[in-house]
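Written out below as structure tokens is the structure these notes cover.
The values are calculated or read from the model by the stated rules, or taken from the named source; none is laboratory data. None of the values given here were measured: they were computed from a predicted structure. Virtual Cβ from ideal backbone geometry, glycine too; neighbours counted across all protein chains shown. Areas reflect the complete protein model, heavy atoms only, side chains present, ligands, DNA and RNA absent. Shrake-Rupley method; radii C 1.70, N 1.55, O 1.52, S 1.80 Å.
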Amino acid sequence: MTAQEKKLPAPSFTGGRPMNEVVASRHSVREFDPAKDVSDSTLGQLLWMTAGVNRPDAEPSRFDVPANRSNPTARNWQEIHIFVFGKNGVWKYLPASHSLALVKEGDHRDIIAGTPEFSQDFVNDAPYSVVFVADMTNLPQGEQAKAMTLVDIGIACENLNLACESEGLATVPRATMDVKGISELLGLNPLQMPVMNNPIGYAK
């Protein structure tokens, strides 16, 4: 663990609200309380439920990568990367170590809110925004592989929506964001695509 990497509190593998209640009450929220922060423990729980390692002892699959994530992906590609934009920096979630690696210092949430042509300023009231990036660098070429990465993004995004509801937080899935600005900030290549984002916080 380095100064550029922050270990998150261990997630809880048990408890939580019943799934029926979570699904019944899940809804999108677009008004956040900027005065209420999200603790590292809660943030870690959300990220683990979204795309964390839920079977630490899993054996490698036929693709030599353990099938051990809370978010299933096509052929176990595990091509979905998660970046957390906060007031003090942008972090990449590392599922294997359940930690955050600093990518950029500073507050860059404005490029999640949108572009100069269209922006949703309520995003800046949320303490964090989670950005889902599909990395097709090592995937087969073709429209089928691209389509499956979008499916995989949707699965992880819904995990986060339900996780927020379970933990008593507000969120809304969004496609609006400054894709070019995000790609430049994170140093992404053309095969690494920001696809969805979720501002997360407590409802106003």
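In this structure the amide hydrogen of Met177, modeled in the peptide plane, comes within under 5 Å of no amide hydrogen from residues 5 or more places off or on another chain.
Per-residue accessible area (protein heavy atoms, 1.4 Å probe) orders Tyr93, Tyr202, Tyr128 as Tyr202, Tyr128, Tyr93, starting from the largest.
For the stretch 160-167, the Karplus equation 6.51 cos²θ - 1.76 cosθ + 1.60, evaluated at θ = phi - 60°, returns couplings of 5, 4, 6, 4, 4, 4, 5, 8 Hz by residue, with Gly and Pro reported as x. Across the stretch 101-123, the residues whose backbone nitrogen lies under 14 Å from the label position 7 Å along the beta-carbon direction of Lys180 are 115-118.
All other residues whose Cβ lies under 15 angstrom from that of Val23 are scored, Lys and Arg at +1 and Asp and Glu at -1, for a net of -2.
Identify, among His98, Pro116, Ile82, the residue whose Cα sits farthest towards the positive end of the charge dipole of the stretch 49-204, taking +1 on the Cβ of Lys and Arg and -1 on the Cβ of Asp and Glu, with the dipole about the Cα centre. It is His98, whose Cα lies furthest towards the positive end. Computed from backbone phi with θ = phi - 60° and the Karplus coefficients 6.51, -1.76 and 1.60, the 3J(HN,Hα) list for the stretch 20-35 is 4, 5, 4, 5, 5, 9, 4, 7, 7, 10, 10, 10, 10, 8, x, 7 Hz; x is used for glycine and proline.
If you take all other residues with their beta carbon under 15 Å from the beta carbon of Lys7, and give Lys and Arg +1 and Asp and Glu -1, the sum is 0.
Given the -39500 (n - 2.57) contribution per DSSP H run of 4+ residues, what per-residue ellipticity at 222 nm results for the chain, rounded to the nearest 500 deg cm²/dmol? Mean residue ellipticity at 222 nm (helix-derived): -8500 deg cm²/dmol. Counting charges near Leu46 (Lys, Arg +1; Asp, Glu -1) among other residues having Cβ under 12 Å from its Cβ returns a value of -3. Across the accessible surface of the chain, with the other protein chains kept in place and a 1.4 Å probe, carbon and sulfur atoms take up 52 percent. Highest mean first, the peptides 16-23, 43-50, 110-117 sorted by other C-beta atoms within 10 Å per residue fall in the order 43-50, 110-117, 16-23.
Once backbone amide H atoms are built at 1.01 Å from N, Lys104 has Val90 as its partners under 5 Å, excluding neighbours fewer than 5 places away on the same chain.
Distance from the C-alpha centroid of the stretch 32-99 to that of the stretch 112-159: 14 Å, rounded to the whole angstrom. Model label sites at Leu102 and Gln192, defined 7 Å from Cα along the beta-carbon direction, differ in position by 1.9 nm. In this structure, the residue pairs whose Cα-Cα separation is over 24 Å, taken from Lys92/Lys180; Lys92/Lys146; Lys6/Lys146; Lys87/Lys146; Lys6/Lys36, are Lys6/Lys146; Lys87/Lys146. Between amide H atoms placed 1.01 Å from N, distances below 5 Å from Ile200 occur with Tyr128, Ser129, Val130, all of them 5 or more places distant or on a separate chain.
Applying 1/(1 + (r/R0)^6) with R0 = 35 Å to the Cβ-Cβ distance of Asn88 and Ala147 gives a FRET efficiency near 0.45. Comparing Asn68, Asn159, Asn138 in a Gaussian network model of the chain where C-alpha atoms under 10 Å apart are linked, the largest mean-square fluctuation is found at Asn138. At full extension, Ala10 and Asp110 could sit 33.0 nm farther apart than now, given 0.36 nm per residue minus the alpha carbon distance. Label point 7 Å out from Lys204 along Cα-to-Cβ: which residues of the stretch 107-127 have amide N under 15 Å? Residues passing the 15 Å test: 120-127.
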